[in-house]
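Step one of this worksheet: look at the structure below.
The values are calculated or read from the model by the stated rules, or taken from the named source; none is laboratory data. All values reported here derive from a predicted model rather than from experimental measurement. Ideal geometry is used to build each Cβ from the backbone, glycine not excepted, and the neighbour counts take in all protein chains shown. Note: areas computed on protein heavy atoms with side chains; ligands, DNA, RNA excluded. Shrake-Rupley method; radii C 1.70, N 1.55, O 1.52, S 1.80 Å.
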Amino acid sequence: MKRIATTGLMACAFLFGTMACGGSGNDSVEQAQDVTEERFEDTAMEEERDDQAEFMTKAASSSMMEVEAGKLAQERATNPQVKEFAAMMVKDHTAANKEMRDLALSKNITLPDSMSNEHMSQMRDLREKQGAEFDREYMDKMVSAHDSDISLFEDVTEDADYDDAEVKAFATKTLPKLREHHKRAQQIKDGLK
């Protein structure tokens, strides 16, 4: 009996440890969405807040990754254009993060306190690179991240039925800057080949 109890405790500890160490159940974006969903569950605003939370948590995670990757690129990049782009990422996305946090607070939406598992994985990959390989990998990730960002923001700006005017206004205001980032990232990436 003692052996069964010990085995059960070990299994629980393993399962908890797996979840706490970045298993799919511990994704910060999903956790933030769950908190917001619970807050508005069974209210008239439930569906509207779920849509806002999904958009804002995904956008926050991507923007956090772009800031952290930008800081890393400012240290490791060898190409001056890559370093300049990285500085722009840190500056612009830090400002967008603050604006999004303020908007989320006003909407009672919980944002993630860290990047999603996907974005953390991208950062781990980037940290393994050095020199010109780092420059190419960083710019590739910035093109890809901005492709995703633009798609996410366009979903909000182009949705005629999107309910929240303030969230839509934030997305509409931010979208041109994301397109500018994407264009510049693509130009630098193409020049590195």
Backbone HN-Hα couplings from phi across the stretch 55-64 [Karplus 6.51/-1.76/1.60, Hz, Gly and Pro as x]: 4, 5, 5, 5, 5, 5, 4, 4, 5, 4
In nm, spacing of pseudo-spin labels at S114 and D140 (7 Å Cα→C-beta vector): 2.6 nm
Dipole magnitude of the stretch 60-137 about its Cα centre (Cβ charges: Lys, Arg +1; Asp, Glu -1), debye to nearest 20: 140 debye
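What ranking of V156, V90 comes out by heavy-atom accessible area, probe 1.4 Å, highest first? All intermediate terms of the calculation are to be shown ahead of the outcome.
Numbers: V156 10, V90 30 Å².
Ranking V156, V90 by accessible area, largest first, yields V90, V156.
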Entries in K129/K173; K71/K177; K58/K129; K71/K107; K129/K177 that, when Cα-Cα distance is taken, lie over 24 Å: K129/K173; K58/K129; K71/K107; K129/K177
Residues of the stretch 68-193: accessible area per residue with a 1.4 Å probe, Å²: 53 Å²
Charge dipole magnitude, Cβ of K and R +1, D and E -1 - the stretch 38-193, Cα centre, debye nearest 20: 1280 debye
Lys/Arg +1, Asp/Glu -1 at C-beta; the stretch 51-99 dipole; positive extreme among F85, N97, M65: F85
